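Notes follow the structure.
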Amino acid sequence: MTKAKRKRLIYNLVTFGLVIVAFIILENMISAKAISRSLKGQLVPICAWIIMAVSLNLVIGFSGELSLGHAGFMSIGAYTGAVVSGWLLSAFDMQDPLLRLVLAILAGGILAGIFGVLIGIPVLRLRGDYLAIVTLAFGEIIRNLVNVLYIGTANGKLHFAFLNKEKLPAGVTMLVDGAKGAVKIKPISTFEVGFVLILITLIVVLNLVNSRAGRAIQATRDNRIAAESMGVSVTKYKMMAFVTAAVLAGMAGALYGLNSSTVVPTQFTFNQSINVLVFVVLGGLGNVLGSIISATFLTILPEVLREFADYRMLVYAVVLILVMIFTNNPTTRAFVNRLASPAKKLVRKNRGETAGGGDVK
């Protein structure tokens, strides 16, 4: 095993290990009732935001494209999940919440992936900031379309209407009521399902990144001209990363939407896309573990600071600035490397490596 492969293996094991350990600790705290009610209510949203951050990192960190409409894919998943869950319960009397949740998550991911293909086909052939502009417009278009979208179920069938709610038949049970959003949702999302979805996301993203396709994706990011000269289809691999991220965002949206009784369009504004972008930037571009940590930390932080209502957003902004300075400043990185160097030397010694990196014979 080469040094690079060993490094990737250790990174993947640490990433999965930390997620699993965190899940075990939280499950024990829940069973022992040692966790506050507010934090317990944040567990499913934290899972959703972790998936959103990791999936967006695939586009920005590994593919090198700036997407500003990730919340649009999340909203598609949230509304699709709410409609599918309500329809299955109404039309087929499917009382099993886990089965409804799984089917809703799959439906949300598939529909978000379809929209990802429709957007990616024309845009990913262009260069520059076109993707950022189009995805930003896409997110706003989706939000405004949902404001005039009405979906109801009657006699086991789904009925759709735009602009005019009166077009729906009499006696219909509303599932999406325009600006009121998705209504009458029976919350069925669980922390356990969110944890499994995080693992699936990590498996998909890390395997893709470390595969031949993943190396092609990163090659197009580093030097598009050189990648094209070597026969790499830039559009194909950028599309692969973009659609994969869209599918994962749709699945996260379904998980997030089915965690509450109502989902409204204002939950998926441009600001939410920026929040996810902040998770990715603070965690480090191309750093999956960093995205997980930053998404968790920055989701919990506003709730922890809620007691300081007058100053919490000020403290939140200061923390963001400090974290940005710490993670992106060469001086702090060098300081951290100096602190970690004794441990690295000990690891090399235990592996039987010489100071030059060769094996002791």
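Peptides 277-283, 2-8, 264-270 ranked from most to least packed give 277-283, 264-270, 2-8, packing being the mean of other C-beta atoms within 10 angstrom over each peptide's residues.
Estimated from the Cβ-Cβ distance and a Förster radius of 25 angstrom, the FRET efficiency linking K167 and L145 is about 0.95.
For the chain, the convex hull drawn through the C-alpha positions has a volume of 181 cubic angstrom per residue. The stretch between V232 and D129, if pulled fully straight at 0.36 nm per residue, gains 34.9 nm over its current Cα-Cα span. Over the chain, accessible surface divided per residue gives 52 Å², non-protein components excluded, 1.4 Å probe. Ordered from longest to shortest, the equivalent ellipsoid semi-axes for the range 97-166 are 29, 18, 9 Å, each the square root of 5 times a Cα gyration tensor eigenvalue. The D222 and D93 beta-carbon pair, evaluated with R₀ = 45 Å, returns a calculated FRET efficiency of approximately 0.25.
Mind ranking 30-40, 219-229 by how tightly packed they are, going by the mean number of other C-beta atoms within 10 angstrom, highest first?
Result, highest mean Cβ count within 10 Å first: 219-229, 30-40.
Using C-alpha pairs below 8 Å separated by at least 6 residues, the relative contact order for the range 3-269 is 35 percent. Computed in the context of the full set of protein chains, the accessible area of the chain at 1.4 Å probe radius has 66% of its extent on carbon or sulfur.
The values are calculated or read from the model by the stated rules, or taken from the named source; none is laboratory data. Since this is a predicted model, take the numbers as computed values, not measurements. Backbone-built Cβ (ideal geometry, glycine too); neighbour counts: all protein chains shown. Heads up: the accessible areas ignore ligands, DNA and RNA and are worked out on the full protein's heavy atoms, side chains in. Shrake-Rupley method; radii C 1.70, N 1.55, O 1.52, S 1.80 Å.
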